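Structure first, commentary second.
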Amino acid sequence: MLCLHTQDTTRDEKVADEPLVLLAYNCKIVGESSQGETVDEAMDSHALEMYKILMEADKLRLDILKHMIDILTPLQAVELLVALKKLPLCLHEWSKRRDIQMGITQLLNTQISSTSGPPEPEPEP
């Protein structure tokens, strides 16, 4: 597989693989591919590179956390871990409130039908 290589090629540049771009460019219809096996190989290569990136990022995150905890007192370390656990929960709640304020949730609920059961009847005016 050809990759766009320069002297300082990074893994990020490998993810933008030339053959996949050319295959997509040569397709006349969206989703059509006369070279399915080539596309599968290119996508497998991309998936492997993305997996490696995620594993490296996770290892870096854990290494940093371990070093931070080594620096902190036990009480500070516990407070940090609690804050790190609360952050995603708080962001999720904040984003739900913001969506409601912006009317996005209502818009999404009216455009996407539920697959878990029959659609609810719309209120009559």
Mind counting the residues in the stretch 42-62 that are open to solvent by 100 Å² or more (accessible area, probe 1.4 Å) and either farther than 22 Å from residue 84 by Cβ or of a type outside the set (A, V, I, L, M, F, W, C) (or both)? 5
In the stretch 71-109, anything assigned to a helix (DSSP H, G or I), modelled with pLDDT under 90 and of a type in the set (Gly, Ala, Ser) is listed as none
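The values are calculated or read from the model by the stated rules, or taken from the named source; none is laboratory data. Everything numeric in this text was worked out from a predicted model, so none of it was measured. Cβ sites come from the backbone with ideal geometry, for glycine too, and all protein chains shown count toward neighbours. Surface areas here come from the heavy atoms of the whole protein model, side chains and all, with no ligands, DNA or RNA. Shrake-Rupley method; radii C 1.70, N 1.55, O 1.52, S 1.80 Å.
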